[in-house]
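Each remark here refers to the structure printed beneath this line.
The values are calculated or read from the model by the stated rules, or taken from the named source; none is laboratory data. All of these numbers come straight from a predicted model, not from anything done at the bench. Heads up, the Cβs are rebuilt from the backbone with ideal geometry, glycines too, and the neighbour counts pull from every protein chain shown. Ligands, DNA and RNA are stripped out before the accessible areas are found, and what is left, the full protein with its side chains, is counted by its heavy atoms. Shrake-Rupley method; radii C 1.70, N 1.55, O 1.52, S 1.80 Å.
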Amino acid sequence: MQDRDGQERGAAQNPNADNPSQASSETSVTTDSPASETAAAFTGVLKPLGILDKGVAMFEAAVLTVGILAMAVNSVANVIGRFIFGQSLYFSEELNQFLVILVTFAGVGFAARHGRHIRMSAIYDELPDKLRKALMVAIALITGAIMFLLAWYSFEYVYSVYGTGRIAPVTQVPIFLTLVWLPLGFMITGIQYVLTALVNLTRPDVYLSVTVVDSYEDTETQL
Amino acid sequence: MATAMIVTMIVLLLLGFPMMVPLIAATLIGFLIYLPIPPDIMIQQMLAGIRPSALIAVPMFILAADIITKGQSADRLIDMVMRFVGHVRGGLGVATAASCTLFGAVSGSTQATVVAIGGPLRPRMLKSGYSDSFTLALIINSSDIAMLIPPSIAMIIYGVVSGTSISELFIAGVGPGLLILLLFSAYAYVYARINDIPTEPKASWNERMQAVAGAVWPLGFPLIVVGGIYGGIFSPTEAASVCVGYAILLEMLIFRSLKLSDVFDIAKSTGLITAVVFILVAAGAAFSWVISFERIPQAILGGLGLAEAGPYTVLIAISIAFFVGCMFVDPIVVILVLVPIFAPLVDGLGLDPVLVGTIITLQVAIGSATPPFGCDIFTAIAIFKRPYIDVIRGTPPFVVILLMVSALLIIYPPIALFLRDLAFR
Amino acid sequence: DEWKYAIEEALEEVQGVYATKFKEYVEANSDHTVSIYPFGTLGESADTTELAQMGAIQFVDLSPGFTGSLIPELQVFLLPYTLPENPDVLADFYKTSSTINEKLAALYEQQQLKLIDMFPEGEVVMTTKEEVKAPEDLNGVKFRVMTTPLLVETYNQFGATPTPLPWGEVFGALQLNMIQGQENPMFFVESTKMYEVTDYITFTGHNTFTTAVAANLNFYQGLSDEDKKLVQTAADQAYDYIIDYQKGLTEKSLEKIKEAKPSITVTRLSDEEREPFRQAAEKVRQKYVELTGESGKEVLDGFEKDIEASKARVEGGGASEGSSDSAAASEETKASSAN
Ligand code: NA
Ligand code: NA
């Protein structure tokens with residue numbers, strides 16, 4: 001997302017720049033986007049898919065929230081265990097590794113949905129609207145294709161880990177179970193980018209993601 | 001092959017692709033066109049990139065920083081600092097640089113520093129009139145001084161790979177680290193002068209004491225981080241999670257500034273930022289792996305004919321190799337791969353391995369803050385939601401300072417070795 | 001062809017010396033080349049093992065302690081006071097044990113790995129802040145171990161507080177007194193500078209660090225008979241070399257340490273002093289059988305039988321020295337260097 005209020009467009013257009021106190025380090029994301037936004041890609045026959053998409057979005061948000069809080073609880077519990085009970089939680093490290101994978105790969109799709117992936121858009125931003133739109137369609141399609149490819153490779157990889165039967169030493173959980181998020185996350189991300197291409201092809205504005213319009217008027221979006 | 005990978009990466013980057021794509025595409029080119037091995041391994045290496053358990057400190061410090069920024073702790077702490085330095089020209093800039101250095105030194109994580117110190121202090125600096133690009137560059141570059149001040153993972157890895165005393169490395173890093181902090185502070189002062197950043201009226205001691213009293217609870221944070229880690233109570237990773245626990249207690253129960261739902265929202269956004277940064281860490285790890293698997297650095301450096309070079313040439317070559325390597329590849333991998341390649345040269349010339357280690361650590365620190373691929377840059381972009389260009393715009397003067405210190409270190413090694421000799425010789 | 005060989009240590013360390021010998025023999029006696037990848041350059045032990053399983057690399061060093069998550073029975077190498085303490089007996093044991101070379105080798109094959117060789121890397125020692133003479137001395141000592149159930153159990157039984165910590169944080173944690181001890185083979189204590197931040201080195205004889213060399217199974221089976229022989233001979237040569245190289249390696253590392261830090265105190269526990277530690281080890285063996293079931297028990301019994309045989313062969317009949325239970329495993333460390 002970061003490029004929408006790019007310097008190239010002139011800091012003056014960036015409300016944050018006008019009022020530095022607002023350009024806070026605020027890191028939170030408004031994820032309950034207006035219905036019209038979420039539905040951007042899902043018009044006509046695609047409407048039922050919109051419901052599914054919303055469900056996926058809510059699931060991702062829940063996974064991120066729970067994942068991060070679980071990491072915090074798990075790590076704090078480990079410290080408390082060591083200090084108060086003189087007993088480290090040996091599963092703590094394995095649980096955290098699992099949570100990092102979970103959060104990363106659930107978050108990739110979520111970030112794609114909200115146009116939050118980091119880009120260097122200095123050149124892209126200089127292009128006229130039409131060209132930007134065309135480029136965005138190409139970027140979205142190629143990115144989507146690469147995500148599908150990774151979904152396939154990660155499926156193969158997870159399957160081969162399943163084949164070896166490797167287990168986590170402490171929790172004795174089969175490693176492949178901790179990895180099932182990979183193919184899923186990449187696939188959801190791929191779908192997000194295909195949808196982005198679709199929205200750009202069917203709508204007048206330039207869309208950065210299904211929910212985020214990449215245009216001058218939109219610079220104050222909270223995302 | 002290296003050329004094809006790097007060109008692909010840079011072209012896709014400039015076209016405005018999400019940054020994970022240039023990294024992944026370049027890696028895929030390696031796998032699909034050049035390597036005789038299944039591309040599933042790319043997935044394995046992406047996972048390996050986000051496996052180190054110390055990485056947990058990053059989301060934990062993001063979470064803690066966001067909680068205290070949304071609540072009151074950060075404001076109270078900064079108010080206190082401002083009562084003491086607000087009347088000094090460039091005081092806030094210097095305080096920011098020093099805080100980043102201290103926090104980074106202790107936590108060992110430059111990314112966590114960008115978040116934990118940069119998060120709360122950036123709005124204050126903008127309000128005081130510093131430009132955003134200066135502020136961001138100051139935060140990112142000051143955070144990287146962390147690598148030079150113990151405990152430093154980069155130095156531990158170098159020590160193990162090269163067989164150098166880690167204790168000596170730790171001490172040797174302190175001099176250059178403080179020198180850089182000094183120069184950054186001087187630059188902040190000069191910047192404030194030139195841009196005529198207004199100062200605040202000098203606070204009375206009464207006002208100062210009031211501010212300190214208001215910040216008593218939040219002073220627990222520096223206590224946990226600095227006292228907890230240097231006091232041997234927590235590991236840096238643990239300190240991060242203790243900060244989270246303390247932040248939640250403070251803001252929810254004592255200041256009552258946050259509701260449970262706020263904490264949930266903050267956790268969600270922390271998760272998002274973590275994912276955005278970690279997917280790049282993962283993709284970067286896969287990219288590094290291909291480079292390492294194909295022994296590309298060996299091929300490039302083998303062709304340079306450094307065998308007959310003198311000490312200065314070798315030190316400069318080392319600096320450049322690590323600087324360039326860290327621009328594109330994860331610093332730890334760069335150390336693991338390059339140190340053994342240079343080891344015979346260093347031994348042959350009888351160079352002090354502690355000096356070489358300090359120089360290398362410095363280059364690694366610079367590399368993490370320089371484009372195109374620097375973890376701290378990604379973190380800053382994700383946290384502050386600023387465009388890539390904005391985040392790196394203010395960097396050049398800092399890089400110039402850092403390179404100056406590199407040169408000084410080569411010309412005048414006592415900057416690093418003086419303290420070492422004092423302690424060990 | 002180019003054969004890629006990943007090890008878990010740096011080139012100058014034991015595995016590096018073995019791999020270099022192996023490489024030299026192969027390159028001198030064939031058209032093949034061997035590229036050695038030192039630790040970390042292709043990932044951690046778990047990664048390089050997988051790379052070998054997938055055939056991306058041809059050879060790999062995999063310490064059995066790590067491989068325990070793949071082949072649970074291999075955790076036998078982590079058991080305290082199980083491997084022979086006498087280096088000659090140990091060397092003979094690795095070479096002749098049918099439990100290793102048949103039973104365990106078959107388990108490796110189920111994982112697409114051909115077991116080529118297994119060799120010791122030196123006795124595991126404890127480095128601590130305070131002197132250790134008896135289990136009581138470990139009371140309240142936060143001791144860093146690799147987070148694997150048997151090592152945790154070992155140090156629990158020894159009386160310490162096993163504390164999991166990522167390898168990268170161990171040096172700093174010892175320096176800042178967050179933890180007060182860690183274990184590793186001697187050469188590794190030297191190369192990782194652990195002695196700089198601890199004051200006592202204790203030889204408890206509880207384990208000898210072991211590593212395995214394996215090849216990708218399909219690759220190996222696809223080799224011509226001539227190449228198979230080449231690999232075996234190269235491994236045999238490297239094995240003999242490394243056993244020889246081992247002799248005095250611990251002493252050499254110790255000398256280097258004493259030179260760098262004269263104040264270090266080195267203690268070698270007497271047989272009597274080791275007794276309480278041996279007692280404690282019994283519980284760990286029970287835990288191993290619990291974890292690995294019938295198959296693990298067979299391996300453990302097989303080990304005991306094979307070790308007796310080796311002892312008889314090397315020490316000549318009367319295996320009455322009572323010094324046979326020594327130590328085997330600190331995978332942890334070296335492994336952990338990849339963490
Ligand atoms: Na540090
Ligand atoms: Na960089």
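Results, tabulated for the structure shown:
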| read-out | value |
| --- | --- |
| Residue under evaluation A:Val170, criteria (1) among the hydrophobic types (A, V, I, L, M, F, W, C); (2) part of a helix (DSSP H, G or I); (3) over 21 Å from the mean Cα position of the chain (by Cα), criterion not met | (2) |
| The one condition in (1) in a loop (DSSP other than H, G, I, E, B); (2) open to solvent by less than 60 Å² (accessible area, probe 1.4 Å); (3) among the β-branched types (Val, Ile, Thr) that B:Val216 fails to fulfil | (2) |
| Enumeration of residues in region B:131-150 that are in a helix (DSSP H, G or I), open to solvent by 10 Å² or more (accessible area, probe 1.4 Å) and within 9 Å of ligand 1 (Cβ to nearest atom) | B:Met147 |
| Enumeration of residues in region B:84-103 that are open to solvent by 40 Å² or more (accessible area, probe 1.4 Å) and touching a Lys or Arg at 6+ places or on another chain (Cβ under 7 Å) | B:Phe84, B:His87, B:Arg89 |
| Matching residues, region B:366-423, being among the charged types (D, E, K, R) and part of a helix (DSSP H, G or I) | B:Asp376, B:Asp390, B:Arg393, B:Arg420, B:Asp421 |
| Residues (within 13 Å of chain C (Cβ to nearest Cβ) and open to solvent by less than 40 Å² (accessible area, probe 1.4 Å)) located in region B:326-339 | B:Val329, B:Pro331, B:Val333, B:Val334, B:Ile335, B:Leu336, B:Val337, B:Leu338, B:Val339 |
| Residue in region B:229-240 that is away from ligand 1 (no atom under 16 Å from the Cβ), hydrophobic (A, V, I, L, M, F, W, C), under 30 Å from A:Leu89 (Cβ atoms) and touching a Lys or Arg at 6+ places or on another chain (Cβ under 8 Å) present | no |
| Of all residues in region B:151-163 being buried (at least 24 other Cβ atoms within 10 Å of the Cβ) and outside any helix (DSSP H, G or I), the one that is nearest to the other protein chains (Cβ to nearest Cβ) | B:Pro151 |
| Evaluation of B:Val190 against (1) open to solvent by 90 Å² or more (accessible area, probe 1.4 Å); (2) at pLDDT 90 or above; (3) within 16 Å of B:Val88 (Cα to Cα) (one fails), failing number | (1) |
| B:Thr110 vs. criteria open to solvent by 10 Å² or more (accessible area, probe 1.4 Å), within 16 Å of ligand 1 (Cβ to nearest atom) and either closer than 25 Å to B:Gly231 by Cβ or at pLDDT below 90 (or both) | yes |
| Counted residues, region A:57-80 - those being open to solvent by 40 Å² or more (accessible area, probe 1.4 Å) and either in contact (Cβ under 8 Å) with a residue 24 or more places away in the chain or closer than 13 Å to B:Gly271 by Cβ (or both) | 3 |
| Scan of region A:79-100 for residues that are aliphatic (A, V, I, L, M), facing chain B (nearest Cβ under 7 Å) and closer than 22 Å to A:Arg166 by Cβ, ordered by number | A:Val100 |
| B:Ile166, sole failed condition from (1) free of Cβ contacts under 8 Å to residues at least 60 places away in the same chain; (2) crowded, with 16+ Cβ neighbours inside 10 Å; (3) under 18 Å from B:Leu138 (Cα atoms) | (3) |
| Filter result (at the interface with another protein chain (Cβ under 8 Å from one of its Cβ atoms) and open to solvent by 40 Å² or more (accessible area, probe 1.4 Å)) within region A:109-159 | A:Ile123, A:Ile142, A:Leu149, A:Glu156 |
| Residue in region A:178-188 that is more than 10 Å from every other protein chain (Cβ to nearest Cβ) and of a type in the set (Ser, Thr, Tyr) present | no |
| Filter result for B:Ser288 (at pLDDT below 90, within 30 Å of B:Leu13 (Cα to Cα), more than 7 Å from chain A (Cβ to nearest Cβ) and surrounded by fewer than 23 Cβ atoms within 10 Å (Cβ to Cβ)) | no |
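To keep it simple, each residue is scored yes or no on (1) modelled with pLDDT of 85 or more; (2) surrounded by fewer than 22 Cβ atoms within 10 Å (Cβ to Cβ); (3) charged (D, E, K, R); (4) touching a Leu at 6+ places or on another chain (Cβ under 8 Å).
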site	(1), (2), (3), (4)
B:Gly350	yes, yes, no, no
B:Gly367	no, no, no, no
B:Ala380	yes, no, no, yes
B:Phe384	yes, no, no, yes
B:Val400	yes, yes, no, no
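This table checks each residue for (1) touching a Phe, Trp or Tyr at 6+ places or on another chain (Cβ under 6 Å); (2) away from ligand 2 (no atom under 15 Å from the Cβ); (3) away from chain A (no Cβ under 14 Å); (4) in contact (Cβ under 8 Å) with a residue 12 or more places away in the chain.
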{"position": "B:Gly357", "(1), (2), (3), (4)": "yes, yes, yes, yes"}
{"position": "B:Gly374", "(1), (2), (3), (4)": "no, no, no, yes"}
{"position": "B:Pro387", "(1), (2), (3), (4)": "no, yes, no, no"}
{"position": "B:Asp390", "(1), (2), (3), (4)": "no, yes, no, yes"}
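Matching residues to (1) buried (at least 24 other Cβ atoms within 10 Å of the Cβ); (2) in contact with a strand residue (DSSP E or B) (Cβ under 8 Å, 6 or more places away or on another chain); (3) in contact (Cβ under 8 Å) with a residue 24 or more places away in the chain:
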site: C:Gly159; (1), (2), (3): no, no, yes
site: C:Ala173; (1), (2), (3): yes, yes, yes
site: C:Gly181; (1), (2), (3): yes, yes, yes
site: C:Lys228; (1), (2), (3): no, no, no
site: C:Gln246; (1), (2), (3): no, yes, yes
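Rundown of residues vs (1) under 23 Å from C:Gly172 (Cα atoms); (2) modelled with pLDDT of 85 or more; (3) under 16 Å from the mean Cα position of the chain (by Cα); (4) within 16 Å of ligand 2 (Cβ to nearest atom), yes/no style:
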{"residue": "B:Ala105", "(1), (2), (3), (4)": "yes, no, yes, no"}
{"residue": "B:Val114", "(1), (2), (3), (4)": "yes, yes, yes, yes"}
{"residue": "B:Ile117", "(1), (2), (3), (4)": "yes, yes, yes, no"}
{"residue": "B:Ser128", "(1), (2), (3), (4)": "no, yes, no, no"}
{"residue": "B:Ala154", "(1), (2), (3), (4)": "yes, yes, yes, yes"}
{"residue": "B:Leu169", "(1), (2), (3), (4)": "yes, yes, no, no"}
